[in-house]
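We did not get these values from a lab; they are worked out from the coordinates using the rules stated. Predicted model, so just to flag it, every value in this text is computed and none were measured. Cβ: placed from backbone, ideal geometry, glycine included. Neighbour counts: every protein chain shown.
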């Protein structure tokens, strides 16, 4: 492929969707070091950390084209978004759409980018959905999202080396995290476990009372616990940690930026939590994960990426692969089938392996 002068990278989603796309974005930067990279993404507010906000401090993109979904609902709004993309004058569009994106939607968007003047279009493909948008529910494994996105570049003849995340590190972030932990002596004298008991999708949330019981067991085993995540996890911590012994835990949730959270996770001996963006950050910085997964989506596409992680899930339920955001019929059957002892045992094994390494 001839070297493009301007590459528009299309990726929408929240924290986890963004983190798993980092190796593909990095590979583009390395394959075309002289190209101007422009990010195109949606941001619909609602208290969610969207892609443009996640990447704001990374310094990877020269500029960002951000739109809201409602803009696409009117001719005037759509024309405005089209004009902003035309102003970029992209030579190449790398279309990193969701793994739930249908072929017909990709075709529609291809026409949009053609109208915006894009000369070349490279699109991610997914076997999870039919051309017309029906999600497949048969029991099988799909490629990890990191690999699916990288395959987009490989299929276009763009060189891709081993996946690399390498989130930016800054001394100020390291110092702030160190100071916060030192305030309460958490993770200073004992190993630190980072726990994320929430998720923006209700169908991914293991019950809070089980997180409370798990944290108590881990503290009794001799570790400290830091609750991480966003403001929702901060509120969840009021329930989860209320009976934990003082001086053995703290709440970092809602207090850290993405890159500061990455620093906190680098200091942790283990991440344990739901299927969340924080889990993907932990995996990206090399922290072992014990992840509690619902059976709402087939494995292994959204499992923590890399070696040394443990995923606890129950796929034998009849409602597996429901793709629901909120469980409406089975009362979280796939998650309530997971007991505290199982997750605790996985954590103990992971901590022993980390100590022996």
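Report note on the peptides 125-136, 27-38, 220-231, 191-202: ranked by the mean count of other C-beta atoms within 10 Å, highest first, their order is 191-202, 220-231, 27-38, 125-136. Relative contact order of segment 6-155: what whole-number percent is it, with Cα pairs under 8 angstrom and at least 6 residues apart? Once normalised by length, the contact order is 25 percent.
P(r) tail, segment 296-357: Cα-Cα pairs separated by more than 19 Å, 43% of all pairs. Considering only beta bridges that DSSP places wholly inside the chain, some 5 percent are antiparallel. Expressed as a whole percent, the proportion of Cα-Cα pairs in the chain lying more than 30 Å apart is 39%.
Using only Cα atoms, find the angle between the long axis of helix 208-220 and the longest principal axis of the chain, and express it within 0 to 90 degrees, rounded to the nearest 10. Value to nearest ten degrees: 60. For the chain, relative contact order (Cα pairs under 8 Å, six or more residues apart, normalised by length) works out to 15 percent.
With N the number of residues in segment 1-41, Rg(Cα) / (2.2 N^0.38 Å) evaluates to 1.19. Axis angle, to the nearest 10 degrees, between helix 231-240 and the longest C-alpha principal axis of the chain: 20 degrees.
Each eigenvalue of the Cα gyration tensor of segment 209-280, multiplied by 5 and square-rooted, gives one semi-axis; in descending order these are 19, 14, 11 Å.
Compactness check for segment 6-155: Cα Rg over 2.2 N^0.38 Å is 1.02. The C-alpha atoms of the chain define a longest principal axis, and helix 103-115 lies at about 50 degrees to it.
Each of the peptides 344-350, 61-67, 11-17, 160-166 was scored by the mean count of other Cβ atoms within 10 Å over its residues; in descending order, highest first, they stand as 11-17, 344-350, 61-67, 160-166. Helical runs assigned H by DSSP (4 residues or longer) give the chain a calculated mean residue ellipticity at 222 nm of -11000 deg cm²/dmol, each run adding -39500 (n - 2.57) before division by the residue total. Averaged over residues, the count of other Cβ atoms within 10 Å places the peptides 289-302, 330-343 in the sequence 289-302, 330-343, highest first. Its alpha carbons give segment 184-317 an Rg and a Dmax of 13.8, 43 Å. The modelled label-to-label distance between residue 84 and residue 44, using points 7 Å beyond Cα along the C-beta direction, is 1.6 nm.
Computed from the C-beta positions of residue 63 and residue 162, the FRET efficiency with R₀ = 30 Å rounds to 0.55.
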